[in-house]
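Here's the structure, in structure tokens; my notes come after.
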């Protein structure tokens, strides 16, 4: 799943439309992943090697395989396991939901700061952060927006909208809907004024790994 150029343009138009109602500033980021999880191939290799040992013991007794064959079989199983870890569905099996959420939150907050979403005049910047591998979305809002009553409910609704769209492989549709939800909410508490300016970029924030 990826965001195509024409979808980027549509999402940018949604941001511009949403910000016509509010002085709040909306940014969006889509990362391929929030961490490399460098230990996972090794864990996968050990797991498959362990399965190889079990199978080797069973079939070795049946066919009379020697010690040298068993060592080779374990080594090949380990390499196979490391290779299988390149497949996202397999890789996720070796990473806990808690660990993935922690990494996504860390990356989202770092992106919030790096992209200057926290520097708006009224502290009403909101970042919509999506991490593809983990299949997670996070809303990071500056203090002005986050302190609005019921803001958490709105952020959770935006996240649910994005995740449901991801399941249908229509991520851009979910992001656009979430942006419009955010604009409507911010507009009630931070209405646009004649001196409102666009303080942060409307373009897609990427992680640089695509």
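The values are calculated or read from the model by the stated rules, or taken from the named source; none is laboratory data. Keep in mind it's a predicted model, so treat the numbers as computed, not measured. Reconstructed Cβ throughout: ideal geometry from the backbone, glycine too, with neighbour counts over all protein chains shown.
Take the range 117-133 and flag every residue that is outside any strand (DSSP E or B) and touching a residue at least 24 places away in the same chain (Cβ under 8 Å).
Within the range 117-133, the first condition is being outside any strand (DSSP E or B), and the residues that meet it are 117-124, 132-133.
Hits for the range 117-133 are 117, 118, 119, 120, 121, 122, 124, 132, 133.
From 80, 71, which residue is more than 17 Å from residue 131 (Cβ to Cβ), outside the structural domain of residue 113 (by TED's automatic domain parsing), surrounded by fewer than 17 Cβ atoms within 10 Å (Cβ to Cβ) and modelled with pLDDT under 85?
Values: 80 fails: modelled with pLDDT under 85.
After ruling out the rest, the residue left standing is 71.
Is it true that residue 112 is at pLDDT 95 or above, in contact with a strand residue (DSSP E or B) (Cβ under 6 Å, 6 or more places away or on another chain) and under 14 Å from residue 32 (Cα atoms)? Judged against the criteria, residue 112 is not a match. Take the conditions (1) surrounded by 15 or more Cβ atoms within 10 Å (Cβ to Cβ); (2) in contact (Cβ under 8 Å) with a residue 60 or more places away in the chain; (3) out of contact with any strand residue (DSSP E or B) (no Cβ under 6 Å at 6 or more places or on another chain); (4) under 21 Å from residue 9 (Cα atoms); residue 206 misses just one of them, which is (1).
Among residues that are modelled with pLDDT of 90 or more, outside the structural domain of residue 125 (by TED's automatic domain parsing) and over 30 Å from residue 194 (Cβ atoms), residue 46 is included. Looking across the range 157-169, the residues that are surrounded by 14 or more Cβ atoms within 10 Å (Cβ to Cβ), free of Cβ contacts under 8 Å to residues at least 40 places away in the same chain and more than 16 Å from residue 27 (Cβ to Cβ) come down to 157, 161, 163, 165.
Does residue 142 satisfy the condition of being under 15 Å from residue 27 (Cα atoms) and not assigned by TED's automatic domain parsing to the domain that holds residue 11? No; evaluated as a whole, the condition is false for this residue.
Restricting attention to the range 1-50, the residues that are assigned to a helix (DSSP H, G or I), under 25 Å from residue 143 (Cβ atoms) and within 19 Å of the chain's Cα centre (by Cα) total 0.
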